[in-house]
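Please read the structure below before turning to the comments.
Bear in mind that the values in this text are calculations on the coordinates, not laboratory data. Predicted model only: the values in this text are computed from it and were never measured.
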Amino acid sequence: RDIYPNMKGYQPTMSGIGGIGGTFLDIRTAVKLPDALRGEKYAFVGLPLAEFIPGGSINRDNIGVGRLCLVDKSLPADSYVQGVVILTSRAKALASWLAGTEVAGVKADLRKRELVMETDIDNQYLMAKLDDDQRKEAATYEEGKDAMNGLHFISVQTDENNDPAGFWLLREIPENL
């Protein structure tokens with residue numbers, strides 16, 4: 001853990017430590033979301049951390065279904081929390097389904113080029129296959145999650161202009177703990 005990161009050519013997004021970018025030993029296969037729950041569009045976005053702390057604009061009253069985890073007070077307030085916005089005409093159905101599961105997080109597996117949602121103890125759902133441009137965005141997303149100690153979010157909306165039907169602020173716990 002101490003030697004490899006200091007070597008020339010080390011790429012932290014490909015290391016698999018803490019699940020960043022997917023591990024090479026992870027043999028689980030994500031299953032496709034049912035058609036009725038699949039989003040039409042996905043976007044990697046960042047929101048200021050200040051939006052999630054007391055006095056910020058995101059709170060339990062305006063997230064629809066979902067939950068907000070506690071925010072580590074030691075994180076810099078001027079930093080950004082990375083997230084995935086799922087845009088779908090079936091936003092209420094998807095948000096309701098997610099509310100009935102234990103959403104653990106969204107991972108971008110850079111090696112497999114997949115965007116995967118993890119729920120419950122060991123369920124994985126394939127949200128999207130990533131092309132080259134999306135893979136670059138996904139790498140930024142994973143690096144941002146890592147910089148924020150796993151903090152990230154999922155928002156389910158009908159379009160960019162509407163409030164979320166569901167919103168989850170999550171903290172991914174590293175797999176190596």
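Which entries of 32/112; 41/73; 8/73; 73/145; 32/145 have Cα-Cα distances beyond 22 Å here?
41/73; 8/73; 32/145
Pull up the DSSP beta bridges for the chain and report the antiparallel fraction as a percent, rounded to 5.
70 percent
Where does the chain land at 222 nm, in deg cm²/dmol rounded to the nearest 500, when only DSSP H runs of n ≥ 4 count, each adding -39500 (n - 2.57), divided by all residues?
-4500 deg cm²/dmol
Using only the C-alpha atoms of the range 57-167, find the volume of their convex hull and express it per residue in Å³.
Dividing the Cα hull volume of the range 57-167 by its residues yields 123 Å³.
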